[in-house]
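Bear in mind these aren't lab numbers, they're just calculated from the coordinates by the rules spelled out. Source: prediction; values computed, not measured. Cβ coordinates were reconstructed from backbone atoms using ideal geometry, including for glycine residues, and neighbour counts include every protein chain displayed.
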Amino acid sequence: EAPFLVVDCGALAPTLLDAELFGHERGAFTGAVGTRAGVFEAANGGTVFLDEIGELPLDVQPKLLRVLETREFRRVGGNKTLPTNVRVIAATKRDLQREVSLGKFREDLYFRLAVVPVTVPPLRSRREDIPALVTHMLKAATGGDGLKVTAETLAALEAHDWPGNIRELRNVLDRAVYMAQATGANEVSFVSLP
């Protein structure tokens with residue numbers, strides 16, 4: 001029931017990342033016409049999901065470490081320290097231990113984040129999940145709920161290597177739903193794989 005806020009660390013310009021995470025005070029920079037709460041303030045009592053944490057610029061990493069260590073932060077351009085109580089979940093496709101050894105990620109931040117590491121194997125290593133994923137994705141796709149998948153199509157999906165993982169599977173199923181709608185079919189009987 002508490003807030004769940006997502007920050008894509010790789011999608012934001014480094015200059016905007018500070019303000020997105022910690023907020024800013026009016027006049028802190030050009031265009032800051034008012035005070036704005038960042039995700040650590042807005043998600044207080046909830047969860048902050050930092051997607052692609054491996055893309056976090058080195059100059060922002062000590063500020064994130066401070067928030068994790070002290071549960072306090074300052075808005076950009078502010079002098080007042082504000083408390084926060086959030087759960088932080090971070091994800092990345094990078095090998096952070098390797099990034100630490102290359103000097104691209106702070107070791108202390110890595111150890112602070114690595115409380116409960118979870119490694120999700122690629123889809124090709126867990127083909128037994130494909131039928132359940134297909135069922136879920138078809139229900140979630142606009143117009144896909146109620147479509148059936150033939151045994152041959154499911155076998156083809158399970159045989160594919162999925163270099164694009166879940167995103168590739170979702171795209172293939174979205175295309176299949178579109179084709180089924182265009183032809184008036186009630187089942188997915190052919191899926192073209194790249």
Revision key, fill the gap. The rounded separation in angstrom of the Cα centers of the stretch 85-119 and the stretch 1-52 is 19
Review point. Given C-alpha coordinates of the chain, what is the ratio Rg to Rh with the Kirkwood estimate of Rh?
Key: 1.10
Review point. What is the magnitude of the charge dipole of the chain about its Cα centre, with +1 placed on the Cβ of each Lys and Arg, -1 on the Cβ of each Asp and Glu, and no other charges, expressed in debye to the nearest 20?
Key: 440
Check your understanding: Over the Cα atoms of the stretch 1-89, how large are the radius of gyration and the largest Cα-Cα distance (Dmax), in Å?
Key -> 12.2, 36
Check your understanding: Residue separation times 0.36 nm, minus the C-alpha to C-alpha distance between Val116 and Glu187: what's the value?
Key -> 21.5 nm
**Study point:** Of all DSSP beta bridges in the chain, antiparallel share, percent nearest 5
**Key:** 25
Check your understanding: Taking 0.36 nm per residue of separation and subtracting the Cα-Cα distance, what length does fully extending Ser125 through Lys139 add?
Key -> 2.7 nm
Check your understanding: Once the piece of chain linking Lys93 and Glu158 is laid out straight, how much longer is it, given 0.36 nm per residue of separation minus the C-alpha distance between them?
Key -> 21.1 nm
Review point. Count the lysine pairs in the chain that are 8 or more places apart or on different chains: how many have C-alpha atoms under 24 angstrom apart?
Key: 5
